[in-house]
């Protein structure tokens with residue numbers, strides 16, 4: 001399989017709104033927001049110098065199958081990427097694409113972000129069992145439970 005992470009555009013984010021008919025996408029990833037609203041938010045809220053927001057769409061073998069937002073933080077010698085959210089198109093779930101994409105992502109995070117990365121972070125809702133299993137399978141470790149959310153880290157040993 002050939003995978004590509006490309007910059008998301010407003011036009012693409014409007015196309016992604018069709019994915020919002022899927023209840024899991026709305027519940028766990030978008031929280032009542034549309035993709036184009038999220039894109040516009042990140043484009044207009046660049047107020048924090050220490051945070052760089054990177055929005056990517058994911059193509060596998062030429063098919064648009066995913067979307068991911070990275071929030072990149074650099075502090076006290078740590079260069080952290082937060083995944084918030086990672087979405088696989090509903091038609092491609094439970095077929096190994098999520099595992100493939102997340103495995104590729106952790107192996108190539110510095111090329112995708114275009115900067116040094118020491119750790120990758122994700123917060124997953126406690127009831128989102130499929131995402132919890134996915135992140136744990138790829139090597140993320142749960143470090144804490146905060147209300148209804150689990151915090152996961154992956155340490156980049158490159």
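The values are calculated or read from the model by the stated rules, or taken from the named source; none is laboratory data. Here the structure is a predicted model, which means the values were calculated and not measured. Here Cβ is always computed from backbone atoms with ideal geometry, including for glycine, and neighbour counts include all displayed protein chains.
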Near pairs, Cβ below 6 angstrom, 6+ apart or cross-chain, from segment 131-158 (without any contact (Cβ under 8 Å) to a residue 24 or more places away in the chain) to any residue that is surrounded by 10 or more Cβ atoms within 10 Å (Cβ to Cβ) and part of a loop (DSSP other than H, G, I, E, B): 148/126
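Based on what the data block shows, is residue 132 in a helix (DSSP H, G or I) and either within 24 Å of residue 20 (Cβ to Cβ) or over 13 Å from the mean Cα position of the chain (by Cα) (or both)? Spell out how you get there, then give the answer.
Working: in a helix (DSSP H, G or I): yes; either within 24 Å of residue 20 (Cβ to Cβ) or over 13 Å from the mean Cα position of the chain (by Cα) (or both): yes.
It is true that residue 132 is in a helix (DSSP H, G or I) and either within 24 Å of residue 20 (Cβ to Cβ) or over 13 Å from the mean Cα position of the chain (by Cα) (or both).
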Residue within segment 134-145 that is surrounded by fewer than 19 Cβ atoms within 10 Å (Cβ to Cβ), touching a strand residue (DSSP E or B) at 6+ places or on another chain (Cβ under 7 Å) and closer than 30 Å to residue 15 by Cβ present: no
Of all residues making up segment 1-23, the number that are surrounded by fewer than 17 Cβ atoms within 10 Å (Cβ to Cβ), more than 15 Å from residue 42 (Cα to Cα) and modelled with pLDDT of 90 or more: 6
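When you check residue 123 against the structure, is it at pLDDT 90 or above and closer than 28 Å to residue 12 by Cα, yes or no?
For residue 123, the condition - at pLDDT 90 or above and closer than 28 Å to residue 12 by Cα - is met.
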Residue within segment 29-37 that is closer than 21 Å to residue 91 by Cβ, at pLDDT 90 or above, in contact with a helix residue (DSSP H, G or I) (Cβ under 9 Å, 6 or more places away or on another chain) and not in a loop (DSSP other than H, G, I, E, B) present: yes
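Just name the residue that is farthest from the chain's Cα centre (by Cα) out of those in segment 38-65 that are part of a strand (DSSP E or B) and within 18 Å of residue 97 (Cβ to Cβ). Reasoning before the result, please.
Of the residues in segment 38-65, the ones part of a strand (DSSP E or B) are 51-60, 63-65.
The next check asks that each one be within 18 Å of residue 97 (Cβ to Cβ); those that pass are 56-60, 63-65.
Details: 56: 9, 57: 10, 58: 10, 59: 14, 60: 16, 63: 18, 64: 15, 65: 13 Å.
Here the answer is 63.
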Matching residues in segment 66-121 - criterion: being exposed (fewer than 14 other Cβ atoms within 10 Å of the Cβ) and in a strand (DSSP E or B): 75, 78
